[in-house]
Amino acid sequence: MSDFWDNLKHAVRMFRANPGFTFAAIAALALGIGINTAIFTVVDAVLLKPLTYPDADRIVQFLNTSPQGDGTGTSIPNFVAFQQQTSVFQDVAAFDWGGPGFNLTGDRPEQVRGIHVTEAYFRLFGAPVFLGRTFTPQEDSPSGGRVVVLSYGLWQRRFGGNPNVIGTAVSLGNEPYTVVGVLGESFLSDPEADIWLPFQFDRNSINQGHYFNAAARLKPGVTLAQGNALLKVVADQVRSRDLLLRNANRSFGVEPLRDRIVGDARRPLLVMLGAVSLVLLIACANVANLLLIRATGRRREFAIRAALGASQSRIVRQLLTESVLLSLGGGILGLVLGYLGLRGLLAMSPGDIPRIGEHGAAVNIDWRVLAFTVGVSLFTGILFGLFPAIGASRPNLNCTLKENSNRSGTGFQQSKARSLLVISEVSLAVVLLIGAALLIRSFLALHQVNPGIDPHNVLTLEMSLTGDRYQKTAGVAQLIREGRQRLNAIPGIENSASVSCLPTDNNVGMNFNVIGRTADETQLNIVAWMSASAGYFDVFKIPILRGRDFTDRDAAGAPGVVLINQTMARKFWPKEDPVGQQIIIGKGIGPEYQEPPRQIIGIVGDTHNDGLDRAPRPEVIVPQAQVSDGMSAIVARIGPVTWVVRTHTEPHPFISDVSEQLRQASGGFPVAQVRSMNEVIVRSTARESFNMLLLSIFAASALVLASIGIYGLMAYSVQQRTQEMGIRMALGADRTRIRNLVVRQGMQLAVAGMVLGICASFALTRLIASFLFGVKSWDPVVFVAVPTILSAVALLAVWLPAARASRLNPVAALRAE
């Protein structure tokens, strides 16, 4: 301990005597540790922290499995079958996706987040009850009445924390619901909700629509593999009555709830964590270079200390104390930068990162992050300090004591270690720059995709159609007629329409059969389904390629009609004209979906109905006034109706008038998610933009650090070789030759690093292949452009010390000897 305190005091004195060195080292480390802290905080919150539910590692979610991928949608008959497997599962619960929200009507109408659940939901997720109770099995039956459970936040905000709220009525969609409970403040549901209503399933239903999720807890002693094995047997038992399971490749399965919640966010987060680790390694290489340079200048000091009896381990401990002290200083500053970076990262995030809560409220720097930062600081201190310490602790006493301090460690051969560090910095920077460039190219390609619509001057608004009035198609059709009349009467509005989902959103999947064709019982023709009112194609300028558009005459009593998109026409009628043919949608799924035959009256242009990064899916569009009552009720439960309004000018000034007219037409319902269509499209590519921006920031940091490393090495080399340069010039070397000598040596390091980086990039860019669109992971443009740009930066970094060397006065240089 005495030696330790001596080493510590000596290190502090050395750093105070060299403030420039100390600042440069701590700044480089703080940058690397700071961005690692910010990214790790998110990774910890999303991937590492356990779920807050009791015995969360045994909660599983039910899946529909197939070679094409897994889905979580469950039907009522399948849910009942899952509930019956009491030897393996307990607390089997259903909950929907929380799509449309609920309308709190009355004096202050607003749309709140809400989900339908079965009564076992609260037991499964260990929801704490603050007031009242949760649902009873009787309330979860079809005749269970209108009851509701509130979140703690909604109870405080809307009801002022009134302890007598239990038993009172709230108005949802102009219908009274009795409050039976308030959940505790600590409960965080996924999806997030302000309000819960009972599903009230009819257990005898044959409805095969997969429109909600199901989860359960594995019984004690039961493994995940046992649960999956049992569900394969269950799938075989129900295969005859489930259309999706008639294909033998489809089955049931379970997956840990944590994995399902995290979903596809795992890989991008791990890639980003790997990227910032590379930045930290570059920072470490920079500091190691600084320490090597500093150790070279202190060789006489170490030789004298060794001559006076200092052991090799004593010198190593002294140098490691200095490097660890540097890294801890960088770690403290990095923690501050990490906090600022975390807040900036959450502000830039697209808002769809799971488990981080609203506005990132659930992501904070806690003891786990502090432990990570301290651990990284200590590790990096040892990593970049050990090699210089070992090298400096073994001086050749005879040679070193005879050296002039200005010549110690001169020459290119004596700086091999520093050169290797610079090469590693450049190679790591190349990997990050190529990854960022690929994402930039992908993002640009994504924005060049024609969405199939004209999004300019289009306003979109969502409305949740809750309440008995909108469980029937007639009520929805009346609202749409009156709403369109009101909207089209507003000055400045060109046209308006209503649609079940926007053209860039995921649509409901439905099966269909072509009348007159023999159907394969083992294969389903699944296509995207949506409903739209008259005016929809005009609002978005979607072309009618053949046939005609919907009109107001395509009402409930008129013959059933349907429009299909171009992709569907090409896939199912490759050699004939589908216009005039008839199809049946929803056959065999259940009475709620079954429709009479519909005639195809036209073919419309494709829209990217599954996202801009995917090819358009085959799609059917039916008039909203002709949707079956059962389908209207299901659509109202799983998603809001969306109003779309085309204006003659910028649409945002019309928000107030449009919202008011829709509120009057619906009987007081509020609108939500008010956005322009341009904002919707930008939002649809927000995750790609976020990934690109983050990796670009990391790559830019790596480029700056690598260029500083090259500059620092060459500047030091020129300083140490002043006498050599003077002798060369005295013997006749001109300034151009001296400059080219320095440039050549510096660029050799840069080129060696670029070659290694390019080789590594061919392997590592496969990790981001799934993030790319319209560009290959080995894109030649990127693999040529990045080395070219890096070469220019490296040339600038070596040119400055080379120019300084060429301006040396040979007389002054020789006098320095």
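The values are calculated or read from the model by the stated rules, or taken from the named source; none is laboratory data. None of the values given here were measured: they were computed from a predicted structure. Cβ coordinates were reconstructed from backbone atoms using ideal geometry, including for glycine residues, and neighbour counts include every protein chain displayed. Accessible surface areas use protein heavy atoms only, side chains included; no ligands, DNA or RNA. Shrake-Rupley method; radii C 1.70, N 1.55, O 1.52, S 1.80 Å.
Here's the list of aspartates and glutamates a cross-link from K9 could span, going by alpha-carbon distance under 16 Å and ignoring same-chain residues fewer than 8 apart: E322. Remark: relative contact order (the stretch 125-178) = 30 percent; criterion is Cα-Cα distance under 8 angstrom and separation of 6 or more residues. As a ratio to 2.2 N^0.38 Å, the alpha-carbon radius of gyration for the stretch 1-147 is 1.89. So how far, in whole Å, is the C-alpha centre of the stretch 464-484 from the one of the stretch 436-462? Value for the Cα centre distance between the two parts: 32 Å.
The listed residues K575, K232, once ranked by accessible area (1.4 Å probe) with the largest placed first, stand as K575, K232. Decide, for the stretch 90-138, between rounded, prolate and oblate: order the square roots of the alpha carbon gyration tensor eigenvalues as a ≥ b ≥ c, take rounded if a/c falls under 1.5, and otherwise choose prolate if a/b is larger than b/c, else oblate. It is prolate, given that a/c is not under 1.5 and a/b is the larger ratio. Taking R113, R675 and ordering them by how much accessible surface each has at a 1.4 Å probe, largest first, produces R113, R675. Stokes-Einstein diffusion of the chain at 37 °C, 0.692 mPa s viscosity, Kirkwood radius from Cα pairs, rounded to a whole number: 105 µm²/s. Accessible surface of the chain, 1.4 Å probe: 58 percent of it comes from carbon and sulfur atoms. Checking the Cα-Cα distances for K232/K587; K49/K219; K575/K776; K541/K587; K232/K575 against a 30 Å cut-off, the pairs over it are K575/K776; K541/K587; K232/K575. For the stretch 1-146, the per residue solvent-accessible surface stands at 42 Å², with DNA, RNA and ligands left out and a 1.4 Å probe.
Comparing Cα centroids, the stretch 682-758 and the stretch 1-51 end up 25 angstrom apart. Summed over qualifying helices (DSSP H, 4 residues or more, each -39500 (n - 2.57)) and divided by its residue number, the chain shows a 222 nm mean residue ellipticity of -16000 deg cm²/dmol. For the residues E592, E576, a 1.4 Å probe over the protein chains yields an accessible-area ranking, largest first, of E576, E592.
Just how much of K587 is accessible, in Å², when a 1.4 Å probe is used and the result is rounded to the nearest 10? Only protein atoms counted, so the area is about 110 Å².
Highest average first, the peptides 500-511, 659-670 ordered by how many other beta carbon atoms sit within 10 Å of their residues are 500-511, 659-670. For the stretch 635-727, the solvent-accessible area of protein heavy atoms averages 36 Å² per residue (probe radius 1.4 Å; ligands and nucleic acids excluded). Using Cβ point charges alone (K and R +1, D and E -1), the dipole size of the chain about the Cα centre works out to roughly 3940 debye.
With a/c under 1.5 counting as rounded, go ahead and sort the stretch 490-564 into rounded, prolate or oblate using the C-alpha gyration tensor (a ≥ b ≥ c being the square roots of the eigenvalues; past the cut-off, prolate if a/b is larger than b/c, else oblate). The shape class here is prolate.
Accessible area of V743 (1.4 Å probe, protein heavy atoms only, ligands and nucleic acids ignored): about 20 Å². Relative contact order of the chain: 17 percent, from C-alpha pairs under 8 Å at least 6 residues apart in sequence.
A straight line joining the Cα centroids of the stretch 313-386 and the stretch 496-573 runs 53 Å.
Between the helical axis of 655-666 and the longest alpha-carbon principal axis of the chain there is an angle of about 30 degrees. In the stretch 1-123, if the dipole is taken from +1 on Lys/Arg beta carbons and -1 on Asp/Glu beta carbons about the Cα centre, which of F15, A93, Q61 is farthest to the positive end? Towards the positive end, the residue furthest out is F15. Quick check on the stretch 597-727: take the gyration tensor over C-alpha atoms, sort the square-rooted eigenvalues as a ≥ b ≥ c, and tell me if it's rounded (a/c under 1.5), prolate or oblate. Since a/c reaches 1.5 and a/b is larger than b/c, the shape of the stretch 597-727 is classed as prolate.
On a 0 to 90° scale, report how tilted helix 416-447 is relative to the longest principal axis of the chain, with both axes built from alpha carbons and the result rounded to the nearest 10. Here the helix axis deviates by roughly 20 degrees.
Only aspartates and glutamates eight or more places from K416 in sequence, or on another chain, were considered; those with a Cα closer than 17 Å are E425.
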